[in-house]
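Have a look at the structure below, then the notes.
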Amino acid sequence: MHEVFLRITGGEKHPFLFESEGSLWYTREGREFASHIEHKQPFLAVAMVAESLAFRLIADFYGRFYKPKMPYKVFKTREEALDWLKTF
């Protein structure tokens, strides 16, 4: 996915909206890899949309434990997330 993001953005940093749908498994290895390549991602800020409490807890854990370098916030609705991303 990293290569796709770079192609789409031309390497320039942009606000990024991530929406979870259905069930999502996020392994420890996946969290560590995401944290490891964070500085290479073209993300200016990341808004995570998670309608389910379970995914919100996982996304909140990621933000608190791995402490992303860019602004990172978890939202229950897409509208709230987009409003926040517009500030970047």
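Observations
- When residues in the stretch 46-64 are screened for being among the acidic types (Asp, Glu) and assigned to a helix (DSSP H, G or I), 1 of them pass.
- Residue pairs meeting the criteria (Cβ under 8 Å; at least 6 apart or on separate chains; first modelled with pLDDT of 85 or more, in the stretch 52-63; second β-branched (Val, Ile, Thr)): 56/74; 59/74; 60/74; 63/74
- Residues of the stretch 1-12 that turn out to be without any contact (Cβ under 8 Å) to a residue 12 or more places away in the chain and either of a type in the set (Ser, Thr, Tyr) or touching a Phe, Trp or Tyr at 6+ places or on another chain (Cβ under 6 Å) (or both), as a count: 0
- Residue 41 meets each of the listed conditions (1) within 11 Å of residue 17 (Cβ to Cβ); (2) of a type outside the set (A, V, I, L, M); (3) surrounded by 18 or more Cβ atoms within 10 Å (Cβ to Cβ) apart from (1).
- Residues satisfying the stated conditions in the stretch 38-50, i.e. modelled with pLDDT under 75 and either under 13 Å from residue 63 (Cα atoms) or touching a Phe, Trp or Tyr at 6+ places or on another chain (Cβ under 6 Å) (or both): 38
- Extreme residue, surrounded by the fewest Cβ atoms within 10 Å (Cβ to Cβ), among residues of the stretch 13-37 that are of a type in the set (A, V, I, L, M, F, W, C), out of contact with any Phe, Trp or Tyr (no Cβ under 8 Å at 6 or more places or on another chain) and at pLDDT 85 or above: 18
- Residue 3 being at pLDDT 90 or above, part of a helix (DSSP H, G or I), exposed (fewer than 15 other Cβ atoms within 10 Å of the Cβ) and among the charged types (D, E, K, R): no
The values are calculated or read from the model by the stated rules, or taken from the named source; none is laboratory data. Model, not experiment: these values are computed from the prediction. Cβ atoms come from the backbone with ideal geometry, glycine included; neighbour counts cover every protein chain shown.
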